[in-house]
1. From M251, M191, which residue is buried (at least 18 other Cβ atoms within 10 Å of the Cβ) and either over 19 Å from the mean Cα position of the chain (by Cα) or without any contact (Cβ under 8 Å) to a residue 40 or more places away in the chain (or both)?
2. Of all helices (runs of 4 or more DSSP H) completely enclosed by the range 373-459, which ones contain at least 2 residues that are within 16 Å of ligand 3 (Cβ to nearest atom) and hydrophobic (A, V, I, L, M, F, W, C)?
3. If W171 satisfies every condition in (1) aromatic (F, W, Y); (2) touching a Lys or Arg at 6+ places or on another chain (Cβ under 6 Å); (3) in a helix (DSSP H, G or I) but one, which is the exception?
4. If only one of T83, T110 is modelled with pLDDT of 95 or more, surrounded by fewer than 17 Cβ atoms within 10 Å (Cβ to Cβ) and either in a helix (DSSP H, G or I) or touching a Gly at 6+ places or on another chain (Cβ under 6 Å) (or both), which one is it?
5. Does the range 154-164 contain at least one residue that is of a type in the set (K, R) and in contact with a Gly (Cβ under 9 Å, 6 or more places away or on another chain)?
6. Checking the condition over 27 Å from V199 (Cβ atoms), away from ligand 1 (no atom under 16 Å from the Cβ), assigned by TED's automatic domain parsing to the domain that holds A13 and acidic (D, E), which residue from E77, E92 passes?
7. Yes or no: E395 more than 16 Å from ligand 2 (Cβ to nearest atom), of a type in the set (D, E) and either more than 23 Å from R463 (Cα to Cα) or touching a Phe, Trp or Tyr at 6+ places or on another chain (Cβ under 7 Å) (or both)?
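The values are calculated or read from the model by the stated rules, or taken from the named source; none is laboratory data. Computed from a predicted structure; not experimentally measured. Glycine also receives a Cβ, built like all others from the backbone with ideal geometry; neighbour counts cover every protein chain displayed. Heads up: the accessible areas ignore ligands, DNA and RNA and are worked out on the full protein's heavy atoms, side chains in. Shrake-Rupley method; radii C 1.70, N 1.55, O 1.52, S 1.80 Å.
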Amino acid sequence: MRLVLVLGDQLSADLSALRKADKETDVVVMAEVADEASYVPHHPKKIAFTLAAMRKFAASLRKDGWQVAYTKLDDPENCGTITGELIRRAAEHDAAGVIHTEPGEWRLITALGDMPLKTHCLPDDRFIACHQEFDDWANGRKALRMEYFYRDMRRKTGLLMDGGSPEGGKWNYDHDNRKPAPDDVEYGGPMRFAPDDTVEQVLDLVQARFGDNFGTLRPFWFATDSAQAQQHLAHWIKGGLPRFGDFQDAMLNDNRFLYHAVVGLYVNAGLLDPLAVCRAVEQAYRDGAAPLNAVEGFIRQIIGWREYVRGIYFREGPDYVTRNALGHSRDLPAMFWGADTAMNCIAKSVAQTGSEAYAHHIQRLMVTGNFALLAGVDPAQVHEWYLAVYADAYEWVEAPNVIGMSQFADGGIIASKPYISSGNYIHKMSDYCGNCAYRVQDKTGDKACPFNLLYWHFLDRHRDRFAGNPRMGNMYRVWDRMDEDRRKTIRQEADDWLRRLNKGEAV
Ligand code: FAD
Ligand code: DLZ
Ligand code: SF4
């Protein structure tokens, strides 16, 4: 007999390791372990989601006839690591080896490879492109732009294709998806599930063990099995999808989800299949229930961005998370962990991250990510923060988004220019600035929005690297046209502000 490892983000009935195994003779191993629960200080909601979903998935496997050796976090014999648990179970069952699906993190891939047990690693074919396919696409290209990879994925899956051409005549409708924040949001947000007995037990355990981590555990409302996740998906397709495209980039003080799908955590954990989600969304378009800009925009995120960042993570190798092309070294400010700040956009994005283990893409990219980049925060610390605080965060997807897209720490593999903006962009796309102690219109002075100061500070200090970038020439021309006194004031005020930040003042 063999052991079949199922990790906390592999909760899919058709996982390659389960397909390969023999229900009659093999034993599934699932383990709640201290190592996985603490490699970063995960948000308590993320830990609770993972453990509750693992327990329910184990129950569904048993019901389906599998023998499951399940270790709970507080079992006295728990070794604390995935490999320790496998070794213990192998001795217990006299197993000949371990079958597993490739983990989504180099750390675990290495640990499993180094184990004194025979292992058989299978590809994770819940993804549309395998490693070889991504490499074949990437090899020999000067720039790895997502858009071209995405078109290949459209052709491969047939999603939104009209014969050999893209539906509606265009591949990408992003242009229609940049409307500023609406006054009213008609969709009430994700479906909320009352905790059942299994979830309640997990919540008590997590409160006792991880209650001091950043983030609030209750109220806990996530779906924790695939049936619930499907219910949520249907609810969003009906209520949220039709306007998802229009307001994809908008942000509001009093609405944390707008029209976003909030499916990342379910897809990444295995409760929803990414291709099936896209087919359901395409069907809504074919039925006339959602417009093309929304449907294409969503499908692009899943078969485009999601697949593309995974390709980059595995292509670039284990050292990707340590890259720091811009040499940034500032410590992550305490405001990221909820300390007071006068910056309303940061305070709101961090507060909702603490309460929901969720922020949507533009909050991650253009508020917290933009700020960390402009302020020159050490990308490794930024990476750890994002990996810890979001319920959908696993290294294969988080690291390329943070190290690459958001912090430009990979030197431009993912982004052709840094995602930076002054306060103006946040003002245009949100209602944050109206409630802020700073004034977004002020470029200098006591009340000047820090994004305005830091934007020029960033461009100025990285002039050697970026002045020659054709997409950034305009920015440097504006800077160069300012008179020298003004540039001096901006430099000085930005330096002062950063000094106060370093000292731990509530700036
Ligand atoms: P929606 O906005 O409704 O989008 C639908 C789905 O598309 C998402 O659920 C996700 O599966 C996929 N998707 C969208 N954008 C991306 C992207 N850039 N990369 C990969 N998949 C994408 N996504 C994660 O799944 N895990 C992370 O740890 C993560 N960290 C991020 C960190 C930063 C700095 C940034 C800028 C983005 C990050 N993203 C991450 C991508 C994106 O922000 C989230 O997928 C999205 O906010 C999840 O919410 P949603 O399900 O409501 O997404
Ligand atoms: C995120 C997570 C947590 C909090 N706990 C566990 C766990 O106890 N057992 C487990 O198998 N997986 C857990 N996970 C998910 C893993 O960290 C994830 O499988 C790896 O990071 C690879 O993506
Ligand atoms: Fe954020 Fe600046 Fe607007 Fe305040 S004024 S909310 S700091 S962008």
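1. M191
2. Details: elements: 379-389, 395-399, 423-429.
Helices (runs of 4 or more DSSP H) meeting the threshold: 423-429.
3. (3)
4. Values: T83 fails: surrounded by fewer than 17 Cβ atoms within 10 Å (Cβ to Cβ).
None of the others qualify; the one that does is T110.
5. Filtering the range 154-164 down to residues of a type in the set (K, R) leaves 154-156.
Retained after the next criterion (residues that are in contact with a Gly (Cβ under 9 Å, 6 or more places away or on another chain)): 154-155.
Yes, the range 154-164 contains at least one residue that is of a type in the set (K, R) and in contact with a Gly (Cβ under 9 Å, 6 or more places away or on another chain).
6. Numbers: E77 fails: over 27 Å from V199 (Cβ atoms).
None of the others qualify; the one that does is E92.
7. Working: more than 16 Å from ligand 2 (Cβ to nearest atom): no; of a type in the set (D, E): yes; either more than 23 Å from R463 (Cα to Cα) or touching a Phe, Trp or Tyr at 6+ places or on another chain (Cβ under 7 Å) (or both): yes.
When the stated conditions are applied, E395 does not pass them.
Rundown of residues vs (1) within 16 Å of ligand 3 (Cβ to nearest atom); (2) assigned to a helix (DSSP H, G or I), yes/no style:
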{"position": "I299", "(1), (2)": "no, yes"}
{"position": "Y313", "(1), (2)": "no, yes"}
{"position": "L332", "(1), (2)": "no, no"}
{"position": "F336", "(1), (2)": "yes, yes"}
{"position": "S355", "(1), (2)": "no, yes"}
